[in-house]
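Student: Following this message is one structure expressed as structure tokens.
Throughout, read-outs are computed from the coordinates displayed, never taken from laboratory work. This one's a predicted model, so the numbers in the text were calculated from it and none came from an experiment. Glycine also receives a Cβ, built like all others from the backbone with ideal geometry; neighbour counts cover every protein chain displayed.
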Amino acid sequence: MTEDRFKHDEDLFCSGHRACPGCGAALTSKLVTEATGPQTILSMPTGCMEVTTTPYPESAWGISWIHNIFENSAAVAGGIETAYKSFSKRGKEGYTDKDDVNFVVLAGDGATFDIGIRSLSGMMERGHDVLYICYDNEAYMNTGIQRSGSTPMGAATTTTPAGKQSLGEDIRKKDMPSIAAAHGLEYVATASVAYPEDFKRKVKKALEIEGPKYIQIFAPCPRGWRHESKNTIKIARLAVETGLYPVFEMENGRITNTMKVKDRKPVEEYLKVQGRFKHLFKKEGGDEIIDYLQEVADVNAEKIGF
Amino acid sequence: MAKMLTGYNAVAEAVKACNPDVIPAYPITPQTDIVERISEMVADGELTSEYVKVDSEFNAASTAIGASAAGARVFTATCSQGLKLMSEPLFSASGMRLPLVLAVANRSLSAPLSIWGDHTDTFAERDGGMIQFYAEDVQEAMDNIAIAYRVAEDNEISLPALSCLDGFILTHVQEGVEPFSEEELSGFLPQRDPIYTLDPSNPKTMGAYARPEHWTETRYTVHKAQLKAKDKIADAVEEFADIFGREYGLEHRGLIETYRAEDADVILVALGSICGTIRYIVDEYRKKGEKIGIVRPRVYRPFPVEELNKVLEDAEAIAVIEKDISLGYQGGLAIDIKSAMYSTGSRIPILNFIAGLAGRDVRKDNIRKMVEQTKEVRGKNPEDVGFENEERWDSLRTEILPGDDEL
């Protein structure tokens, strides 16, 4: 019975996991495995994807997968990669050649922007041959929707609730791709689950490059963002179409490719379909936050050029 | 051939002989010299390990964990605040049954900040599933590295191991030692051969989370592995003696070492380098015809309960001299020894001397005072001594203490 239960067939990220319907992170996980193929070792921090995919004795993963703790998945991946470097150099038997293994991290924004940034920074600085992918759902979803360094201005979370004196998050979103690029990375990219082929192409391209790479993918969370599960892709697309989440490739510090946006939409169209922003349309001062977010989108359009 | 080596050089030589695949390294006084010496070996091509210059002890432990999960032999070193920073990943390494070997150059924990030695750092990791070895001298610190690898990487054990040596007192003292080479060690320490690795040719999920129906059993197996490590240490120490001729408490399965304790009325229990000074005092008393002896645990976790009970059961008084204090109770070693003796029905009085914290010298005179105090309680029942009189702070400078109402 157990043999069948753990059979993965061709899928490397399998059904049966506990993620919510419409989960952007689960979709990301599936796309990651489709792009990397089986010759992959994935390091994952504590978080939604970790708990929804590996309740012992089950696992949704058809690739080698490791979770240690919340804030060290980049260093764990660096350690694995270094071990393979040693195995290949020393000709150790029983191990796949380092050049034939993809070393990948898949982590949420809390593990990336906040608690794991030391581990990530060190891994990038040291030049480990690791692709770090952040699924960005803009808050700590696993613990129940608390704000992270990725939460955008104005978003209501359980630690930045809208209230009589509050319009939700009052700190701007951290610019993580620039922080990654500042480490001298050859390849940094952003993506959106609304454009799966674009994301998979970027993952494949990144894996061709020796050294550290960083990809950040916008992955809506219906539960945390208070939107219907069916709207995940729509919202992910609107984030790009409004200019709030620019999708680009940055090579050696320069933007080399952007997803062009024709007739950029006003940010309200993106904001109004999510419960986390609804107070902005009702409360006094909400319009100022909306204006600020529009400015963010306008600056993105100008700076990144789409 | 014997060589004069500092403790840090000796540990580095032992690491070289064990030839790890991956060595993540981060400096902290007084451990730094170990990883510095190793970096020189790598720089000169004497050692071909991957030397990873990490950003913190936290990521030294994390890198070691990743490499160990991949199947590599790993080494790192730390102490004090650095060990604290490693604590979270190290606890999870034991839960995931990942063998790692660390040298710990024991140093006190802040605050106040202190770079000098005591055992407050490793004692704070007591419950983490890491095997803990304590060396008395430089040779033992060196040999324990090889023994730690042999035990930690045994697939029936598969746990992290801390090979402790007193900061400065052992790391920075030169002693004559017999180094060993990789070739000489090969019969004793086989290549690591893990049952599971992350190799993509046979995908595995490592570090799945457990719900209440599985968590207890997972930790129980770690506990059983700790207990089984006693047998493995016994085997390793015996074989080590056969090959290298150096014996570490063979008659006590390598878990404890004794000195003139067999017929002793007063037994002093202590860890690490302080036992050098205590030996001197024991000889002094023996010359006067007084039966004093030493029991030195070489291993603190797993705790050598049976071995300790056996050698302590006939004493008339016991002094536990330790460089640790579990704030709000007593020293960790004394607590454990009292707990160990509970099942024997023993009514031997046990005094707990807190001594040598943060590198404060414990001189011969200090030891003499402890012996004299312990002699006074000989033959008494613990209730006659009284709990409040068990704990005694060596050379406490009462003149600089605030008054009770100012504490």
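Student: FRET efficiency for B:K3 and B:A111, Cβ-Cβ distance as r, R0 = 60 Å, nearest 0.05?
Tutor: It comes to 0.95.
Student: Here is a further query. So how do A:190-196, B:42-48, B:158-164 stack up, highest first, on mean other-Cβ count within 10 Å?
Tutor: The peptides rank, most packed first, as B:158-164, A:190-196, B:42-48.
Student: Still on this structure, I have one more. Calculate, for A:S229 and A:I171, the FRET efficiency according to 1/(1 + (r/R0)^6) with r their C-beta to C-beta distance and R0 41 Å; round to the nearest 0.05.
Tutor: 0.90
Student: Would you give the gap between the C-alpha center of the range B:71-143 and the C-alpha center of the range B:169-234, rounded to a whole Å?
Tutor: 14
Student: May I ask for the angle, rounded to the nearest 10°, between helix B:138-152 and the longest principal axis of chain B, with both axes built from Cα atoms and the value confined to 0 to 90°?
Tutor: Between the helix axis and the principal axis of chain B, the angle is about 60 degrees.
Student: Then there is this: With a ≥ b ≥ c the root eigenvalues of the C-alpha gyration tensor of chain B, is it rounded (a/c under 1.5), prolate (a/b larger than b/c) or oblate? Intermediate values should be presented prior to the final figure.
Tutor: On the way: a/c = 1.62, a/b = 1.53, b/c = 1.06.
Verdict is prolate for chain B.
Student: Next question, about the same structure. Placing one identical point scatterer on every Cα of the protein assembly as shown and ignoring solvent, what is log10 I(q)/I(0) from the Debye formula at q = 0.06, 0.07, 0.09 Å⁻¹?
Tutor: Those come out to -0.42, -0.56, -0.83, one per q.
Student: Additional query: Of A:Y214, B:Y26, B:Y280, B:Y209, how do they rank once you tally other Cβ atoms within 10 Å and put the fewest first?
Tutor: B:Y280, B:Y209, B:Y26, A:Y214
Student: Ratio of Rg to Rh for chain A, alpha carbon only, Kirkwood?
Tutor: 0.98
Student: If the chain between B:E183 and B:Y329 were fully stretched, how many nm would it gain, using 0.36 nm times the residue separation less the Cα-Cα distance?
Tutor: Result: 47.8 nm gained on full extension.
Student: Which percent, to the nearest 5, of DSSP beta bridges fully inside the range B:256-399 are antiparallel?
Tutor: So the antiparallel bridges in the range B:256-399 amount to around 20 percent.
Student: Let me ask something additional. So, with +1 on the Cβ of K and R and -1 on the Cβ of D and E, and no other charges, what is the size of the charge dipole of the range A:1-143 about its Cα centre, to the nearest 20 debye?
Tutor: On the way: 11 positive and 20 negative charges, 85 e Å.
Using Cβ point charges on Lys, Arg, Asp and Glu, the range A:1-143 gives about 400 debye.
Student: Shifting gears a bit: If one computes P(r) from the Cα atoms of the range A:1-117, what percent of pairs lie at distances over 22 Å?
Tutor: Result for the distance tail: 37 percent.
Student: Looking at the protein assembly as shown, what % of its DSSP beta bridges pair antiparallel, to the nearest 5?
Tutor: Antiparallel bridges: around 25 percent, rounded to the nearest 5.
Student: Hey, another quick one. List the relative contact order of the range B:3-244 as a percent without decimals, with contacts defined as Cα pairs under 8 Å and 6+ residues apart.
Tutor: 24
Student: For every other residue with a beta carbon closer than 14 angstrom to the beta carbon of B:Y329, add +1 if it is Lys or Arg and -1 if Asp or Glu, then tell me the sum.
Tutor: Result for the local shell: -4.
Student: Another one. So what's Rg/Rh here for the range A:160-306, counting alpha carbon atoms and using the Kirkwood radius for Rh?
Tutor: Ratio of gyration radius to Kirkwood radius for the range A:160-306: 0.99.
Student: Hey, what do the phi angles of the range A:164-175 turn into as Karplus ³J(HN,Hα) couplings, whole Hz, using 6.51/-1.76/1.60 and θ = phi - 60°, x for Gly and Pro?
Tutor: So the J values, rounded to whole Hz, are 4, 10, 9, 10, x, 3, 10, 10, 6, 5, 5, 8.
Student: If you project the alpha carbons of the range B:27-121 onto the principal axes, what extent comes out on each, in Å, largest first?
Tutor: Extents along the principal axes, in whole Å: 39, 35, 20.
Student: Let me ask something else. Over chain B, what is the percentage of antiparallel beta bridges among all DSSP beta bridges, to the nearest 5?
Tutor: 20
Student: Relative contact order of chain A: what whole-number percent is it, with Cα pairs under 8 angstrom and at least 6 residues apart?
Tutor: Relative contact order, chain A: 16 percent.
Student: May I pose another question? By counting other Cβ atoms within 10 Å of each Cβ, how are B:S181, A:S166 ranked from fewest to most? Display every interim value, and only then the final one.
Tutor: Values: B:S181 10, A:S166 14.
The most exposed by this proxy come first: B:S181, A:S166.
Student: Right, here's the next one. Please go through the residue pairs A:K174/A:K260; A:K92/A:K202; B:K291/B:K369; B:K224/B:K380 and name each one whose alpha carbons sit more than 27 Å apart in this structure.
Tutor: A:K92/A:K202; B:K224/B:K380
Student: Using only Cα atoms, find the angle between the long axis of helix A:196-208 and the longest principal axis of chain A, and express it within 0 to 90 degrees, rounded to the nearest 10.
Tutor: Long axis of A:196-208 versus the principal axis of chain A: about 40 degrees.
Student: Cut-off 18 Å, label point 7 angstrom out along Cα-to-Cβ of A:T158: give me the residues of the range A:273-298 whose amide nitrogen falls inside.
Tutor: In the range A:273-298, the label zone of A:T158 (backbone N under 18 Å from the point 7 Å along Cα→Cβ) covers A:275-277.
Student: So what is the relative contact order of chain B, in percent, for Cα pairs below 8 Å that sit 6 or more residues apart?
Tutor: Relative contact order of chain B: 15 percent.
Student: Based on Cα positions only, what radius of gyration and what Dmax would you give for the range A:88-139, in angstroms?
Tutor: Here Rg and the maximum Cα pair distance are 14.2, 44 Å.
Student: Treating the angle as unsigned and between 0 and 90°, give the value, to the nearest 10°, between the Cα long axis of helix A:286-300 and the longest Cα principal axis of chain A.
Tutor: Here the helix axis deviates by roughly 50 degrees.
Student: What is the distance in Å between the Cα centroid of the range A:223-271 and that of the range A:33-77?
Tutor: 26
Student: Just from its helices, what would the mean residue ellipticity at 222 nm be for chain B, if runs of 4 or more DSSP H residues each count -39500 (n - 2.57) and the sum is divided by every residue, rounded to the nearest 500 deg cm²/dmol? Kindly include the intermediate steps, with their values, before the conclusion.
Tutor: Numbers: 14 runs with 164 residues, N = 407.
Rounded to the nearest 500, the figure is -12500 deg cm²/dmol.
Student: Suppose every K and R has +1 on its Cβ and every D and E has -1 on its Cβ; what is the size of the dipole of the protein assembly as shown about the Cα centre, in Debye to the nearest 20?
Tutor: So the magnitude is around 2020 debye.
Student: Give me the net charge for the shell around A:Y140: Cβ to Cβ below 15 angstrom, other residues only, Lys and Arg +1, Asp and Glu -1.
Tutor: Taking every Cβ under 15 Å from that of A:Y140, the sum is -2.
Student: Describe numerically, in nm with one decimal, the distance between label points set 7 Å from Cα along Cα→Cβ at A:K205 and at B:A241.
Tutor: Using points 7 Å along Cα→Cβ, the separation is 6.6 nm.
Student: Treat the count of other C-beta atoms within 10 Å as a stand-in for reagent exposure and order B:R360, A:R147, B:R246 from fewest to most.
Tutor: So the residues, fewest neighbours to most, are B:R246, B:R360, A:R147.
Student: Let me ask something else. Taking only the alpha-carbon positions of the range B:256-399 and ignoring solvent, what does the Debye formula give for the base-10 log of I(q)/I(0) at q = 0.18 Å⁻¹?
Tutor: -1.02
Student: How large is the Kirkwood hydrodynamic radius of the range B:3-244, counting all unique pairs of alpha carbons, in Å?
Tutor: When all Cα pairs of the range B:3-244 are included, the Kirkwood radius is 17.8 Å.
Student: Using only DSSP helix segments of four residues or longer, with each worth -39500 (n - 2.57), what per-residue ellipticity at 222 nm results for chain A after dividing by its residue count and rounding to 500?
Tutor: -10000 deg cm²/dmol
Student: Taking the Cβ of B:D137 as the center, what net charge do the other residues with Cβ under 13 Å away carry, scoring Lys and Arg +1 and Asp and Glu -1? Each step should come with its number before you reach the end.
Tutor: Working: positive: B:R246, B:R279, B:R296, B:R298; negative: B:E136, B:E140, B:D143, B:D166, B:E175, B:E178, B:E257.
Net charge in that neighbourhood comes out at -3.
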